[in-house]
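Have a look at the structure below before the remarks.
Please treat every number below as a calculation from the coordinates, not as lab data. Bear in mind that the values here come from a model prediction, so they are computed numbers and not experimental data. We place every Cβ from the backbone using ideal geometry, glycine too, and count neighbours over all the protein chains shown.
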Amino acid sequence: MQEAHSEMQLKRFDKLDHLHFKLIYVDQPGASDYVRNWCLRKHFLDTYMLLFMASGQGWLTVDGNFIELRAGAWYIGQPGQLVEANVHSLDERGVYHMNFEVMHLAEQDDPEVLDIMKQLLGDPCDAEVICASAVAVGELCQMIYQQARSKNGLQRYYGQIRFQELLYTMFNDVVRAEERFSTSPVEHVKDYIEQNYMNKITIEELATIARMSSRHFMRLFKKRHGCSAMDYLTFFRIKQAQILMRNGHNYRLKDVASYVGYQDEMYFRRKFKQISGIPPAAFIQGSKQKIAAVHSLSIGTLLALQIIPCAAKASHPWTEYYRRKYETNKVMPLAEVEAIWLEQLRMVDPDYIITVEGEMSDTLAHQLRSLAPVCIIPQDEGDWRDHLKYVARFLDRSDVAEAWLQRYDEKSAMVRTQLADSVREERLLVLRVHGEVLQVLGPRSIASVFYVDLQMNGPEGIEAFWKLGTVKVTELSKLSIDRMLLIVEEDEKSKQTWNALQNSEGWNDTTAVQNGCIDILMPGVLLDYTAFTHELMLDEILKLWQDRP
């Protein structure tokens, strides 16, 4: 089998880039006959072993140490260890068993390899890693299983790449587990919900984990997250169900419900429609539609409508973002050259094409309409909410849009309550460093999150700069800026402008700079004026300002 090298660097695993993983074996016991048990007889491991419990229960012993196996968790065995396992109550998801080797790139016999793996994978008595999304990991394991068994050499090679991704996911889950212990009790409970959503969970159980009374816990959780703990559990379960339903598998709805913690299928249907805005059957049918986004603004609109585009411009950060977030590889990255991406669209054969007014010639519009019905978003008319509703009407998903907007309004109201009064009352400037230009972002941009949804104020006289769109360094000190948010583009010219800005007199004379009230946001996706980016910005605000003066 082909070997593949992948460099992975996490803040704790600074030596991981020296390791080379080779997938030796992968099996999915219990996939075909999910009433039978699966046993791993006692033997010494000569390679690393990874078990992922997609379903079932059981036990594992590692060098005599007993470990209870739980669905939705990883388990690791190291070379030289004596292991034995027994799994029962498997359903069709089964349990995944993989063996792999680890080699040092410089010297394969370097003893540092074992030390690194022990650092990464932990003590034998602590061999369990709870994954953040059992559904997503299960999908990844199934892909590896199919590709590793393929007769096609390229598919087997792709399985190696997928295996690297699987290990990255596991190591990332280890980091999340460590970080969990340094967070607040309420955040700990939120993490617990995301790891155990497949099981029955009660308020009393969550309150016990938080080490507080049920009433006090419910009040704190709602204050922190804007919804009750049980509502958050419901939302997370439906989100996991959507992943299963979106990926084209022929799971029965009863099975999907069971996977995410619902034994009553009718109750699951009601909750799904309540959260998604449409019934499960309509969601599955809609997921089969191929909808292409040929402009970046249409991507964030489609995602809010629970649609992953079948094609989008490869140059835009969204292309990689939704691959990571939605665990899908069904996105055609469109080239920059018009003739090429038109040919790509012909190959994709979309059911609909979403684009933006003013971004194409009449000739191009005609060519697109020859491929599929085209929805052209009137960019200069209405705001991002109107754009969402406009596309929703075109795709017959108005109920989805209304449900999404309702949740967004509830979330923005929650974020307002999380910000200190002093922050909400401050005069805020949102500034983008783009090349040599300082752009002032106003209500007709992503900054509408602050000025409209969070009802924050801009500096006195800022309206003139919103209209102009830019500001000079010398004009900054004339504005009464209490707090500033910056989005610095990643190109070299923007970085040079940012460095020069920090050393300028006008910059250092502003109140925000003098008081240290400067925050820098990520560029890329957060610049788009769309529904989904507005929700991302709300999450970013909580990271920046929650519980901060």
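Please list, by residue number, everything in segment 431-452 whose backbone N is under 20 Å from a paramagnetic label point 7 Å out along Cα→Cβ of residue 502. The answer is 431-439. With R₀ fixed at 25 Å, the C-beta to C-beta distance from residue 66 to residue 187 puts the FRET efficiency at about 0.25.
Tell me, what is the FRET efficiency for residue 343 and residue 399 to the nearest 0.05, using R0 = 41 angstrom and their Cβ-Cβ distance as r? About 0.70, to the nearest 0.05.
With charges only on Cβ, +1 for K and R and -1 for D and E, what is the dipole size of segment 383-460 about its Cα centre, in debye, rounded to 20? Provide the component values of the computation, followed by the final result.
Numbers: 11 positive and 13 negative charges, 34 e Å.
Computed charge dipole of segment 383-460: roughly 160 debye.
Using a cut-off of 23 Å between Cα atoms, the listed pairs 190/223; 200/239; 411/472; 190/222; 271/411; 200/254 include 411/472 as exceeding that distance.
Given Cα pairs under 8 Å that are at least 6 residues apart, what percent is the relative contact order of segment 275-416?
On the way: 182 pairs, mean separation 37.9, N = 142.
The value is 27 percent.
Between amide H atoms placed 1.01 Å from N, distances below 5 Å from residue 427 occur with 482, 483, all of them 5 or more places distant or on a separate chain. For segment 432-443, putting each phi into the Karplus relation 6.51 cos²θ - 1.76 cosθ + 1.60 with θ = phi - 60° gives couplings of 10, 9, 10, x, 9, 9, 9, 9, 9, 8, x, x Hz, in residue order, rounded to whole numbers and with x for Gly and Pro.
Note on residue 200 and residue 84: their simple-model spin labels are 3.2 nm apart, each label 7 Å out from Cα toward Cβ. The HN-Hα couplings worked out from phi for segment 341-352 by the Karplus form 6.51 cos²θ - 1.76 cosθ + 1.60 (θ = phi - 60°) are 6, 5, 5, 4, 5, 4, 5, 5, 6, x, 7, 9 Hz, whole numbers, x standing for Gly and Pro. Close amide H contacts of residue 334 (hydrogens built in the peptide plane, cut-off under 5 Å, sequence separation of 5 or more or a different chain): 312, 313, 314.
Net length available on complete extension from residue 25 to residue 269 is 84.0 nm, with 0.36 nm assigned per residue and the Cα-Cα distance removed.
With the highest mean first, a sort of the peptides 437-445, 206-214 on other beta-carbon atoms found within 10 angstrom per residue produces 437-445, 206-214.
Amide H contacts under 5 Å for residue 379: 357, restricted to partners 5 or more places along the chain or on a different chain, H placed in the peptide plane at 1.01 Å from N.
Length gained on full extension, residue 254 to residue 315, computed as 0.36 nm times the residue gap minus the Cα-Cα distance: 18.0 nm.
How far, in nm, would the chain grow between residue 366 and residue 472 when pulled straight, counting 0.36 nm per residue and subtracting the alpha carbon separation? Numbers along the way, then the final one.
Numbers: separation 106, 0.36 × 106 = 38.16 nm, distance 4.21 nm.
Length gained between residue 366 and residue 472: 33.9 nm.
Taking the convex hull of the alpha carbon positions in segment 185-285 and averaging its projected area over all directions gives 6.2 nm². Distance between the pseudo-spin-label points of residue 285 and residue 437 (7 Å out from Cα toward the beta carbon): 4.6 nm.
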